[in-house]
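Enquirer: Take a look at the following structure, please.
The values are calculated or read from the model by the stated rules, or taken from the named source; none is laboratory data. None of these values were measured; they are calculated from a predicted model. With ideal geometry, Cβ positions are generated from the backbone for all residues, glycine too; neighbour counts draw on all protein chains shown.
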Amino acid sequence: MRLSELRSQVSAGSLLSSPADLAVYSYDGALDRARPDAVLVARSIEDIRRAVAWCAGAKVPFVARGAGTNLSGGCIPLRGGLVIVLSRLNRILSLDAAARVACVEPGVVNLDLQTQAEAVGLFYAPDPASLKVSTIGGNAAENAGGPRCLKYGVTTNHVLAVEAVMPDGTLARFSHEDDGPELLSLLIGSEGTLGVLTKLWVRLTPIPEETRTLLAGFPSIDAAVSCVSAIIAAGILPRCLEAMDRPTVESVEAGRPLGYPKDPAVLLIELDGDRAACAREAAAIDEIGRSCGATSMRAATDPAERELLWQGRRGAYAALARLAPNVLVEDGVVPRDKLPDIVRRIQQISAKHRVKSYLLFHAGDGNIHPNIVYDERDKEQVLRVKAAGHEMLQACVELGGSLSGEHGIGIDKRDAMAWLFTPETLRLFHRVKDAVDPAHIANPDKLFPLPGAASTEKSFIRPPAAELSEYARLLVDKVREGAARKTFFRVRGASTRWNAPTPDGAVELLTTGLGRIVELDRRNYTLTVEAGVAVQELHRELESQGVFVRLPKCGGTVGGLLAARAGGGLREDILGMRLLLSNGEVVELGGKVVKNVAGYDLSRLVLGSWGTYGVILEVTMKLHARPVPAAKAAPGVQPPRFSAWASTVRRAFDPGGRLNPGLVS
Amino acid sequence: MADLLGRLLTDLGERSTYDAVSQCSRCGYCEQACPTYVATGLEAQSPRGRNQILRLMIEGKLDDPKAAQEALSTCLLCGACTTACYARVPVADLALEGRRMLRGKTHWLVRLATRIMISHRGLFAFLLKTAFLLKRTGLSKLGRPFLRVSGFSVLAAMDAHTEDAPLTNLDDELGGQAAPAAPAWRYFAPCGPRYLMPRVGLATWKALQALKGPGAYLDNPCCGLLAYNYGELAHARELAKKNIVHAEKNGTEPIIGDCSSCVAFLKSYPQLFLEPGDGAWKERASVFAARVRDVVEIYGECAQMLPSGEVGAETTYHDSCRALNGQCLKNEPRRAAKALAGSAYCEMPGADTCCGGAGAFGFVHEELSEALLRKKVGNAASVQAGVILTSSTSCLTQLAHGLRKYYPEAKVLHLSEFVAGALDKNRGA
């Protein structure tokens, strides 16, 4: 590595290479370590651009780093190279209270943005536990969550646009307002493997009139979970729904008695909104709680009292951090109704590996954090702790969940991706990475099993998806046949938005036959529906059953609406998708869990791709117990012009450009 | 063989230095609490970075004494990280251990100074007075370039920071007095109020008399913090023992000091005696430490006795790190300041962040110290403070310097001066 060459191109004094400097950029909040060859403490976006361009030319790997609080090894420079530190780029460039948008540099600390926003009556919704130190850039790279994401959504729901230095060293801007596929969704949560975020425009939310906190004790985890499900089913969406098990409560109370109930499960519920609604919902929750067997219920509206109730939850990690030098904060997700099962599995796994785990979970979205305390200097103990953590994740996947709700995949869970995704889906992830970063220099070797890792065929342990419908199989067969013959396809729904005739020589793939509502899951409030279902019909059917989706009321099919991204906010509730690729493979993206940061967010990326990335066979989305506002469908949408990056990514999905050829320019 | 503590008294109990530093799980939650990290954005100048550097040094995995030295020497020892840390890893004590590991020989000037402070307090007072005379006559200013070229830039910086130089010290003022038969308290005179700013010591004396009844001048030896931070542990231990013995001879009343840095160090004496065979001294140090009180604690307790009056200027409080992080004294001084200033009291943003004074830090790392000082003064100006209250010698010196330079509309006072002034005024009214 010819560092002098780089040094002359970046701000004076910004390039570090002493052994001590390399040593302190060899770690993050997890266990893995690797030293970089040099560290750039960027002073400007231009520094980053020049450094990445130099890396691209010299084929030197680079890793962007915010506050380095990552819990999955995401900041570790596995192959050496350059660490690009963003901590000094910490200016809030603008904060528009009227438009509720802030533009920030990537190194802005989450709490600093919160403080500035609060001054004008707003807040930034994502609230990871690390918010006092972690940065907005890091939060976006990891698609961070936090307790109040139950109501407000995770980071991807609050980033409106980003500017990024791409792996080729060029500067690009991605926004929800762009035509074509949702490239912004691809970047959020990509853990620095597709570029370096250099500027972010984020949405701010008005601070609600009132916040109310309730603390309830339950005789069992099952009872607490049934209470959570009943609350959601009653159409109440609390801002937070946090749960703790008895060992956790006991360790908190040992350090500092707060009067938490010493029941097997404790729920901390927080409501916000206007005063009347809060009072109404609190009364309803009180009743639901009792009917679910709550042994105690405390409520607080006063900030000091609320703070007291929160101290137990917030102090939990602190209490555990005192028990041993290290705490493994595992992070997995299960469908909400599987929480009792996963808790039992975690207890069995802990016993088997002789580790003590303490449970904290965001019960509302099925996101569990088993915390295992240990001493990293005891190698044998580390092995047991790691094995237990992995088995817990395996259990999550077996129960239909995911590997990570908010901490990311990084190094720790990359091999486990093969449990969750089919080999076809993993290959697609790899192709996306190859397309955007052909030289594999942007945070290499993260997120996915390394090529040549143990055979992925056998590793897949996720419960198999429901059989494709007969009609879907027909489409798959057609595309497979066509793949061999290099046939071009015209994907067509109800022709509501684009009714141009099918070009000569192209085979038509009519999706209107995909007409099933595959699953309406009332316990988890998720809906899986085939793409050919008419939007109007879907609304009618759901309303007759007393449930609702966030889709505009418009003509055409669900698939057509999503493929054309014919309305704002479509992305908000999308959880998963089955997509038929031009090579005849069917990939399964996302799933039934509402919080999921495993792998690239391809189900959102595909929105607006007009069938050129793949044929949407079915989509899984959030259900609501009450009508939800949805943007109006845009009338008369025209096929978009794709940006250069959208075309690049298309090659990962459909290298021959055989789906809807000529539709986009 | 380096002169090391080897073991520390941590919040989780007595630990070896290695165990104490290994308690850092690298979660990074301390980073934003650290003024030097916030100022530089450099991991090596963050608590987590310093912990890892020390740990690697102990494990023999880091051969870069120069960079390690830079990382550890830039630690302000403010302890804000420990307050933020879930496991309360004692980063300041660890950084000092690291510095001791790296230090070949203590600078002869520091050795000489501590030696003089241990054995020849009279000589120390005389030398200071001579220095102050030079200061008064303006000769010291002329001497600064000479000091710089001859390797005493620290002395030159010290001179630049100091404005007024008293020609009497506290011993001259209070030393001769006969102690009352049953004093309610004993005043521990830290070197700052004793030699550099006797006005503070006198104010403390007056305020304590008014609030707590008659007390006695302890005429104590130096606490040894200078040796602990910059010199040799043996010297620090020697001074600690002297103080313990001296206090044992002087009743059992509370010992009240008015420089939070010294007071916090007095309270930490037991940590100096953790070696095998030191058991008896540890015991005596614990008894001693239990007697020690920071004067701001007393003001907090007596807040209701304090007169509230017209202050005439917005009054704010700057936390001395060794009061806040060293002794967890956040509310006590504020209770007193609020009682005295009434509606004129206002909190400034970042009141709990180090001003960059930090003992000799301001003289050694002038640039970094100045950056922190500018921020601190800016925060004080943002609430239009006219009076800034605090409780450490180092903060008083640093803030006075900063206010002179950037915000001459405001002045800095020790909380004692504020209390004594109000009591005086009240009596006069």
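Enquirer: Given B:CYS24, B:CYS85, B:CYS78, B:CYS30, which one is within 24 Å of B:LYS267 (Cβ to Cβ) and more than 9 Å from chain A (Cβ to nearest Cβ)?
Expert: Answer to the selection: B:CYS78.
Enquirer: Need at least 1 residues that are under 19 Å from B:PRO190 (Cα atoms) and of a type outside the set (A, V, I, L, M, F, W, C) per element, so show me which helices (runs of 4 or more DSSP H) inside segment B:49-139 make the cut, counting only ones lying wholly within it.
Expert: Filter on segment B:49-139 gives B:108-119, B:121-137.
Enquirer: So, one more: Return the residues of segment A:398-417 that are crowded, with 24+ Cβ neighbours inside 10 Å and aliphatic (A, V, I, L, M); say none if nothing qualifies.
Expert: Correct list: A:LEU403, A:ILE409.
Enquirer: Name the single residue, out of those in segment B:292-303 being part of a helix (DSSP H, G or I) and in contact with a helix residue (DSSP H, G or I) (Cβ under 7 Å, 6 or more places away or on another chain), that is farthest from B:ILE256 (Cα to Cα).
Expert: So the residue we want is B:ALA303.
Enquirer: Could you tell me which of the residues A:ALA38, A:ALA12, A:ALA34 is surrounded by fewer than 21 Cβ atoms within 10 Å (Cβ to Cβ), of a type outside the set (Asp, Glu), more than 10 Å from chain B (Cβ to nearest Cβ) and closer than 11 Å to A:VAL83 by Cβ?
Expert: A:ALA34
Enquirer: Turning to a different aspect of this structure: Considering only residues that are in a strand (DSSP E or B) and modelled with pLDDT under 95, look in segment A:182-212 and name the one that is surrounded by the fewest Cβ atoms within 10 Å (Cβ to Cβ).
Expert: Going through the qualifying residues, I end up with A:GLU210.
Enquirer: Which of the residues spanning segment A:149-162 are over 14 Å from the mean Cα position of the chain (by Cα) and surrounded by fewer than 22 Cβ atoms within 10 Å (Cβ to Cβ)?
Expert: A:LYS151, A:LEU160, A:ALA161
Enquirer: Right, something else. Can you find a residue in segment A:566-575 that is of a type outside the set (A, V, I, L, M, F, W, C), outside any loop (DSSP other than H, G, I, E, B) and more than 23 Å from the chain's Cα centre (by Cα)?
Expert: No, that holds for no residue.
For every residue, the table says whether it meets (1) free of Cβ contacts under 8 Å to residues at least 40 places away in the same chain; (2) out of contact with any helix residue (DSSP H, G or I) (no Cβ under 7 Å at 6 or more places or on another chain); (3) among the charged types (D, E, K, R); (4) on the phi > 0 side of the Ramachandran plot.
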| site | (1), (2), (3), (4) |
| --- | --- |
| B:LEU329 | no, no, no, no |
| B:SER343 | yes, yes, no, no |
| B:LEU372 | no, no, no, no |
| B:VAL383 | no, yes, no, no |
| B:GLY386 | no, yes, no, no |
| B:VAL412 | no, no, no, no |
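Enquirer: Do any residues in segment A:465-483 that are surrounded by 14 or more Cβ atoms within 10 Å (Cβ to Cβ) have Cβ atoms under 7 Å from those of residues that are at pLDDT 95 or above and part of a helix (DSSP H, G or I), where the two are at least six apart or on different chains, and which pairs are they?
Expert: A:LEU468/A:VAL476
Enquirer: Just wondering, is there one or more residues in segment A:365-374 that are in contact (Cβ under 8 Å) with a residue 40 or more places away in the chain, among the small types (Gly, Ala, Ser), surrounded by 24 or more Cβ atoms within 10 Å (Cβ to Cβ) and in contact with a helix residue (DSSP H, G or I) (Cβ under 9 Å, 6 or more places away or on another chain)?
Expert: yes
Enquirer: Mind listing whichever residues of segment A:108-129 are over 23 Å from A:ASP601 (Cα atoms) and either part of a loop (DSSP other than H, G, I, E, B) or within 14 Å of chain B (Cβ to nearest Cβ) (or both)?
Expert: Matches in segment A:108-129: A:VAL108, A:VAL109, A:LEU111, A:ASP112, A:LEU113, A:GLN114, A:THR115, A:GLN116, A:GLU118, A:ALA119, A:VAL120, A:GLY121.
Enquirer: Check segment B:90-109 and report whether any residue there is touching a strand residue (DSSP E or B) at 6+ places or on another chain (Cβ under 6 Å), within 14 Å of chain A (Cβ to nearest Cβ) and within 19 Å of B:GLU31 (Cβ to Cβ).
Expert: Yes: segment B:90-109 contains one or more residues that are touching a strand residue (DSSP E or B) at 6+ places or on another chain (Cβ under 6 Å), within 14 Å of chain A (Cβ to nearest Cβ) and within 19 Å of B:GLU31 (Cβ to Cβ).
Enquirer: When residues of segment A:503-540 are filtered for being loosely packed, with under 15 Cβ neighbours inside 10 Å and either part of a helix (DSSP H, G or I) or of a type in the set (S, T, N, Q) (or both), how many remain?
Expert: 3
Enquirer: Please count how many residues of segment A:540-573 are over 28 Å from A:ILE188 (Cα atoms) and in contact with a Phe, Trp or Tyr (Cβ under 8 Å, 6 or more places away or on another chain).
Expert: Total satisfying the criteria: 2.
Enquirer: How do the strands (runs of 3 or more DSSP E) wholly within segment A:251-339 filter down when requiring 1 or more residues that are modelled with pLDDT under 90 and more than 14 Å from chain B (Cβ to nearest Cβ): which remain?
Expert: The qualifying strands (runs of 3 or more DSSP E) are A:296-300.
Enquirer: Find the helices (runs of 4 or more DSSP H) located wholly in segment B:328-429 whose residues include 3 or more that are touching a Leu at 6+ places or on another chain (Cβ under 6 Å), and list them.
Expert: Answer list for segment B:328-429: B:331-341, B:415-428.
Enquirer: Same structure, new question: Taking the options A:ASN371, A:ASN443, name whichever one is within 19 Å of A:ARG345 (Cα to Cα) and in contact with a Phe, Trp or Tyr (Cβ under 8 Å, 6 or more places away or on another chain).
Expert: A:ASN371
Enquirer: I'd like to know if segment A:205-212 contains one or more residues that are closer than 24 Å to A:GLY614 by Cα and over 17 Å from the mean Cα position of the chain (by Cα).
Expert: no
Enquirer: I'm trying to understand the selection: among the residues of segment A:541-559, which are part of a loop (DSSP other than H, G, I, E, B) and among the β-branched types (Val, Ile, Thr)?
Expert: Those that are part of a loop (DSSP other than H, G, I, E, B) and among the β-branched types (Val, Ile, Thr): A:VAL547, A:VAL549.
Enquirer: Let me ask you something else. Before we move on, is A:VAL85 more than 22 Å from B:LEU56 (Cα to Cα), within 14 Å of chain B (Cβ to nearest Cβ) and either in contact with a Phe, Trp or Tyr (Cβ under 6 Å, 6 or more places away or on another chain) or at pLDDT 95 or above (or both)?
Expert: no
Enquirer: Would you call A:GLY74 within 14 Å of chain B (Cβ to nearest Cβ) and either under 24 Å from A:GLY408 (Cα atoms) or at pLDDT below 95 (or both)?
Expert: Yes, satisfied.
Enquirer: Another question, if that's okay. Out of all the residues in segment B:47-67, which are more than 7 Å from chain A (Cβ to nearest Cβ), free of Cβ contacts under 8 Å to residues at least 24 places away in the same chain and either under 18 Å from B:ALA92 (Cβ atoms) or not charged (D, E, K, R) (or both)?
Expert: B:GLY60
Enquirer: Let me ask something else about it. Please verify whether A:ALA652 is under 22 Å from A:LEU589 (Cα atoms), among the aliphatic types (A, V, I, L, M) and either touching a residue at least 40 places away in the same chain (Cβ under 8 Å) or part of a loop (DSSP other than H, G, I, E, B) (or both), treating the condition exactly as stated.
Expert: Answer is yes for this residue.
Enquirer: So, in segment A:29-62, how many residues would count as being modelled with pLDDT of 95 or more, closer than 19 Å to A:ILE411 by Cα and touching a Lys or Arg at 6+ places or on another chain (Cβ under 7 Å)?
Expert: Total meeting the criteria: 1.
Enquirer: Out of curiosity, is A:GLN348 part of a helix (DSSP H, G or I), free of Cβ contacts under 8 Å to residues at least 40 places away in the same chain and over 25 Å from A:TYR27 (Cβ atoms)?
Expert: Yes.
Enquirer: So, one more: Mind checking which residues of segment A:15-27 are part of a loop (DSSP other than H, G, I, E, B) and at the interface with another protein chain (Cβ under 7 Å from one of its Cβ atoms)?
Expert: Matches in segment A:15-27: A:SER18, A:VAL24, A:TYR25, A:TYR27.
Enquirer: Of all residues in segment B:1-21, which are facing chain A (nearest Cβ under 10 Å) and β-branched (Val, Ile, Thr)?
Expert: B:VAL21, the sole residue that qualifies.
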